[in-house]
């Protein structure tokens with residue numbers, strides 16, 4: 001009975017949902033309006049916030065994308081073991097860094113280093129998400145029973161996609177800040193579309209079927 | 001079995017409750033007393049906080065109203081699908097903006113632009129809440145079985161009510177800040193009363209019966 | 001089936017636990033050490049934090065006491081209705097104010113107004129907790145079945161105790177700040193001891209049996 | 001039925017997971033980049049953050065280690081009683097102090113007092129975790145049934161290990177800041193390895209088997 005509870009993914013999911021909820025909400029705390037402005041300069045300050053707001057919306061969607069991916073993986077996990085508990089903590093580590101990276105980017109939006117810092121944190125989250133996925137799918141004893149033989153290549157491709165785009169964005173930053181920003185910010189949309197396509201192409205035993 | 005967990009609304013509710021709890025608690029973090037004041041100026045600073053405190057109480061109740069509405073909708077949701085997971089994230093996006101809008105309004109309480117920013121965020125939350133409701137009620141396969149034929153007009157009207165009042169408040173701000181504030185702040189009370197009336201008028205197959 | 005989920009106290013408990021967890025953790029965020037001090041002045045700054053730290057520990061225990069009381073009440077709640085959902089939100093409102101009141105008290109520890117603000121917030125939480133308890137125990141249809149006839153006087157007395165002590169503390173602040181502080185800070189201990197005594201005196205049908 | 005819910009560990013776990021999730025995420029909020037820097041000084045500021053980042057990663061892993069330990073203990077808890085509810089609150093108290101201690105250490109990384117403050121908070125968490133464990137294992141009526149006779153010495157040793165290392169780190173700080181930092185930061189790794197060794201050495205009735 002103890003073992004049952006020790007293997008239950010419940011609290012792993014609770015603490016992960018907590019971290020994601022806080023990250024999503026805290027991202028926006030970095031958006032600040034200066035105090036005691038005249039009415040005219042207040043409006044100007046608000047107008048100047050527009051790029052920060054755009055960056056915030058995209059960071060929120062990126063965090064949402066990672067949460068969706070985490071939920072997809074743990075929907076199939078019946079039991080967690082010691083490795084999975086600690087791997088999940090390692091995954092949450094760069095997730096908790098997202099508000100910091102977003103606030104640096106909001107402060108220095110056209111700076112190459114700020115863009116690359118943001119990209120590196122996003123790569124870290126994507127890689128650890130891939131590691132958790134890779135660990136889980138290869139251990140059927142930890143999973144809920146599944147019908148049919150899954151074609152795992154799709155799942156690996158969908159997991160690798162964000163890593164690839166973020167990597168290109170970090171490299172592109174050496175040449176053009178704007179191109180790097182656009183790449184960084186396209187990822188949630190590209191991911192959503194890629195999952196849509198993979199689900200439509202795959203049959204009922206498609207791995208992509210279990211990605212939201 | 002995987003599909004069962006993938007379709008469970010549990011984690012969608014967890015992460016939403018997390019975001020709501022943080023927003024409710026963080027709203028108040030914007031209320032700050034200056035450091036190192038003399039005792040007299042400390043009391044004056046505290047007295048000057050009164051409008052901010054009033055604004056905070058109303059923002060808290062507004063957030064509470066949106067949480068109640070979210071709980072009402074998901075009480076009928078048996079299964080979530082991919083669309084609903086992402087729609088819910090889009091709904092949480094303006095919810096996470098509420099502390100920012102409230103702090104801007106607390107800083108510039110009589111400014112038209114601050115009022116309109118607050119109103120626009122409230123409209124965004126209300127509209128997305130309406131979209132989620134509209135999406136859900138038209139997909140019986142996602143819902144718990146229900147007795148009787150629901151008269152959905154009531155539900156649509158109750159969902160549209162906050163959108164309408166917030167819209168009027170944004171427009172009224174061009175003429176009178178005070179009238180706009182009063183409208184913004186009346187919404188939770190008006191919503192509560194409207195649900196009360198609709199529940200009392202409706203019979204057992206009234207849609208309003210399932211609104212808190 | 002919808003009604004079952006609408007009446008489930010689950011999400012009411014989730015959002016309340018979220019608010020309590022954030023309040024407990026955020027209280028301490030107000031404790032800050034100044035930047036860029038020399039080593040000597042850093043140690044002096046740390047030493048000066050001692051009263052703040054003491055105030056923080058007591059505020060944490062007070063918040064813990066309110067959480068324990070909330071858990072005690074909802075342990076008997078089988079179904080929530082519309083009133084209870086909204087009453088619980090009203091209860092969470094002053095709970096969310098606790099970090100603000102604690103930070104004001106930490107900044108102006110010997111000021112009468114700061115003490116009374118803290119006391120008034122604590123009274124608001126205690127009164128609303130009493131209202132929720134009073135509402136719940138008088139509606140057996142909302143509760144889990146219970147054996148024996150409960151002697152409710154004990155429960156009312158235990159709920160009224162914090163209100164009384166906080167009220168005295170607010171009044172005593174006009175005469176002596178120190179006495180007021182000591183009263184404010186004694187409440188969690190006094191409450192714990194009062195529950196202990198009531199549980200030991202009561203029999204198996206004692207209401208106090210259901211207070212932690 | 002009331003007693004069943006009053007004895008359920010659910011909400012104790014919820015509120016603890018909430019506090020842990022917030023602490024993990026808030027740790028990083030202390031990492032801040034100054035505003036309005038020139039591009040060169042921005043990069044220098046970022047480079048200067050490296051020790052803070054290292055300290056943050058280790059604090060995150062330490063918090064993770066305490067969460068894993070909490071989860072291990074409560075995996076065996078079937079019922080909580082009044083003592084356990086309050087003991088758990090006392091345990092959460094120093095946990096909530098971790099972001100404060102980490103931010104002081106991040107600000108004054110080579111200061112003996114900052115190191116000792118950090119060590120003392122870590123000792124407080126470790127000691128209270130030990131007390132909760134010690135309380136729980138001696139009350140079989142609160143636990144899920146377990147096969148075999150557990151050799152509790154392993155559990156006590158694994159619980160005492162962090163206390164010991166943190167104590168040495170506090171004392172070593174009088175001689176060498178660097179040695180103290182390295183000791184503080186080695187604990188999660190040492191703990192992980194110690195559990196690994198104890199699990200591999202123990203048989204199926206090994207207490208260490210239930211430590212992650």
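The values are calculated or read from the model by the stated rules, or taken from the named source; none is laboratory data. Keep in mind that what you see is a predicted model, and the values were worked out from it rather than measured. A quick note on method: Cβ atoms are made from the backbone with ideal geometry, for glycine too, and the neighbour counts reach across all protein chains shown.
Somewhere in the stretch D:40-59, is a residue under 24 Å from residue A:13 (Cβ atoms), within 19 Å of the chain's Cα centre (by Cα) and assigned to a helix (DSSP H, G or I)?
Filtering the stretch D:40-59 for residues under 24 Å from residue A:13 (Cβ atoms) gives D:57, D:59.
Now restrict to residues that are within 19 Å of the chain's Cα centre (by Cα): D:57, D:59.
Cutting the leftovers down to assigned to a helix (DSSP H, G or I) gives us D:57, D:59.
Yes, the stretch D:40-59 contains at least one residue that is under 24 Å from residue A:13 (Cβ atoms), within 19 Å of the chain's Cα centre (by Cα) and assigned to a helix (DSSP H, G or I).
I need the full set of residues from the stretch B:198-212 which are without any contact (Cβ under 8 Å) to a residue 40 or more places away in the chain and exposed (fewer than 12 other Cβ atoms within 10 Å of the Cβ), in order please. I'd like the intermediate steps shown before the answer.
In the first step, residues of the stretch B:198-212 are kept if they are without any contact (Cβ under 8 Å) to a residue 40 or more places away in the chain; the result is B:199-201, B:203, B:209.
If the condition is that a residue be without any contact (Cβ under 8 Å) to a residue 40 or more places away in the chain and exposed (fewer than 12 other Cβ atoms within 10 Å of the Cβ), then B:200, B:201, B:203 are the ones that fit.
Filter the stretch C:144-173 down to the residues that are outside any helix (DSSP H, G or I), out of contact with any helix residue (DSSP H, G or I) (no Cβ under 7 Å at 6 or more places or on another chain) and in contact (Cβ under 8 Å) with a residue 40 or more places away in the chain and list them by number. It would help to see each step written out before you state the result.
In the first step, residues of the stretch C:144-173 are kept if they are outside any helix (DSSP H, G or I); the result is C:144-151, C:173.
Imposing the further condition that a residue be out of contact with any helix residue (DSSP H, G or I) (no Cβ under 7 Å at 6 or more places or on another chain) reduces the set to C:145, C:147-149.
Answer for the stretch C:144-173, where residues must be outside any helix (DSSP H, G or I), out of contact with any helix residue (DSSP H, G or I) (no Cβ under 7 Å at 6 or more places or on another chain) and in contact (Cβ under 8 Å) with a residue 40 or more places away in the chain: C:147, C:148, C:149.
Which residue is modelled with the highest pLDDT, if the candidates are limited to the stretch D:45-60 and must be closer than 25 Å to residue D:89 by Cα and more than 8 Å from every other protein chain (Cβ to nearest Cβ)?
Filtering the stretch D:45-60 down to residues closer than 25 Å to residue D:89 by Cα leaves D:56, D:58-60.
After this cut, where a residue has to be more than 8 Å from every other protein chain (Cβ to nearest Cβ) as well, the list is D:56, D:58-59.
Working: D:56: 88, D:58: 85, D:59: 93.
Only one residue tops the list, namely D:59.
Going by the conditions given, is residue C:63 part of a helix (DSSP H, G or I), free of Cβ contacts under 8 Å to residues at least 60 places away in the same chain, surrounded by fewer than 22 Cβ atoms within 10 Å (Cβ to Cβ) and within 14 Å of chain D (Cβ to nearest Cβ)? Give the derivation first.
Numbers: part of a helix (DSSP H, G or I): yes; free of Cβ contacts under 8 Å to residues at least 60 places away in the same chain: yes; surrounded by fewer than 22 Cβ atoms within 10 Å (Cβ to Cβ): no; within 14 Å of chain D (Cβ to nearest Cβ): yes.
Judged against the criteria, residue C:63 is not a match.
Taking the stretch D:114-123 only, how many residues are over 15 Å from residue D:177 (Cα atoms) and within 11 Å of another protein chain (Cβ to nearest Cβ)?
Counting residues in the stretch D:114-123 that are over 15 Å from residue D:177 (Cα atoms) and within 11 Å of another protein chain (Cβ to nearest Cβ) gives 1.
Can you pull out the residues in the stretch D:66-81 that are under 23 Å from residue D:146 (Cα atoms) and in a helix (DSSP H, G or I)?
The first filter runs over the stretch D:66-81 and keeps only residues under 23 Å from residue D:146 (Cα atoms), leaving D:67-81.
D:67, D:68, D:69, D:70, D:71, D:72, D:73, D:74, D:75, listed by residue number.
Cβ-Cβ below 6 Å, separation at least six or inter-chain, first residue in the stretch B:78-91 and within 8 Å of chain A (Cβ to nearest Cβ), second modelled with pLDDT under 95: which pairs?
From the stretch B:78-91, the pairs are B:82/A:212; B:85/A:212.
Tell me which of these residue D:133 doesn't satisfy, since it passes every other one: (1) assigned to a helix (DSSP H, G or I); (2) within 17 Å of residue D:61 (Cα to Cα); (3) within 14 Å of chain A (Cβ to nearest Cβ); (4) within 15 Å of the chain's Cα centre (by Cα).
Among (1) assigned to a helix (DSSP H, G or I); (2) within 17 Å of residue D:61 (Cα to Cα); (3) within 14 Å of chain A (Cβ to nearest Cβ); (4) within 15 Å of the chain's Cα centre (by Cα), the lone unmet condition for residue D:133 is (2).
For the structure I just gave you, tell me whether residue D:208 is in a helix (DSSP H, G or I), modelled with pLDDT under 90 and closer than 30 Å to residue D:81 by Cα.
Working: in a helix (DSSP H, G or I): yes; modelled with pLDDT under 90: yes; closer than 30 Å to residue D:81 by Cα: yes.
It is true that residue D:208 is in a helix (DSSP H, G or I), modelled with pLDDT under 90 and closer than 30 Å to residue D:81 by Cα.
Assess whether residue A:105 counts as being buried (at least 23 other Cβ atoms within 10 Å of the Cβ) and modelled with pLDDT under 90.
Working: buried (at least 23 other Cβ atoms within 10 Å of the Cβ): yes; modelled with pLDDT under 90: yes.
So residue A:105 fits the description; yes.
What about residue B:183, is it part of a helix (DSSP H, G or I), free of Cβ contacts under 8 Å to residues at least 40 places away in the same chain and either surrounded by 19 or more Cβ atoms within 10 Å (Cβ to Cβ) or over 21 Å from the mean Cα position of the chain (by Cα) (or both)?
Details: part of a helix (DSSP H, G or I): yes; free of Cβ contacts under 8 Å to residues at least 40 places away in the same chain: yes; either surrounded by 19 or more Cβ atoms within 10 Å (Cβ to Cβ) or over 21 Å from the mean Cα position of the chain (by Cα) (or both): yes.
Yes: the conditions hold for residue B:183.
Please go through the stretch C:134-155 and pick out each residue that is out of contact with any strand residue (DSSP E or B) (no Cβ under 8 Å at 6 or more places or on another chain) and surrounded by 21 or more Cβ atoms within 10 Å (Cβ to Cβ).
Of everything in the stretch C:134-155, just one residue is out of contact with any strand residue (DSSP E or B) (no Cβ under 8 Å at 6 or more places or on another chain) and surrounded by 21 or more Cβ atoms within 10 Å (Cβ to Cβ), namely C:155.
So, residue A:68, is that one in contact (Cβ under 8 Å) with a residue 12 or more places away in the chain, on the phi < 0 side of the Ramachandran plot, touching a helix residue (DSSP H, G or I) at 6+ places or on another chain (Cβ under 7 Å) and facing chain B (nearest Cβ under 8 Å) or not?
Details: in contact (Cβ under 8 Å) with a residue 12 or more places away in the chain: yes; on the phi < 0 side of the Ramachandran plot: yes; touching a helix residue (DSSP H, G or I) at 6+ places or on another chain (Cβ under 7 Å): yes; facing chain B (nearest Cβ under 8 Å): yes.
So residue A:68 fits the description; yes.
Counting only residues that are farther than 30 Å from residue D:140 by Cα, surrounded by 15 or more Cβ atoms within 10 Å (Cβ to Cβ) and more than 9 Å from every other protein chain (Cβ to nearest Cβ), how many does the stretch A:1-44 have?
1
One residue is enough: does the stretch C:98-113 have a residue meeting the conditions more than 16 Å from residue B:25 (Cα to Cα) and either in contact with a strand residue (DSSP E or B) (Cβ under 8 Å, 6 or more places away or on another chain) or at the interface with chain D (Cβ under 10 Å from one of its Cβ atoms) (or both)? I'd like the intermediate steps shown before the answer.
Keep residues of the stretch C:98-113 that are more than 16 Å from residue B:25 (Cα to Cα), which gives C:104-113.
So of that shortlist, the ones also either in contact with a strand residue (DSSP E or B) (Cβ under 8 Å, 6 or more places away or on another chain) or at the interface with chain D (Cβ under 10 Å from one of its Cβ atoms) (or both) come out as none.
No.
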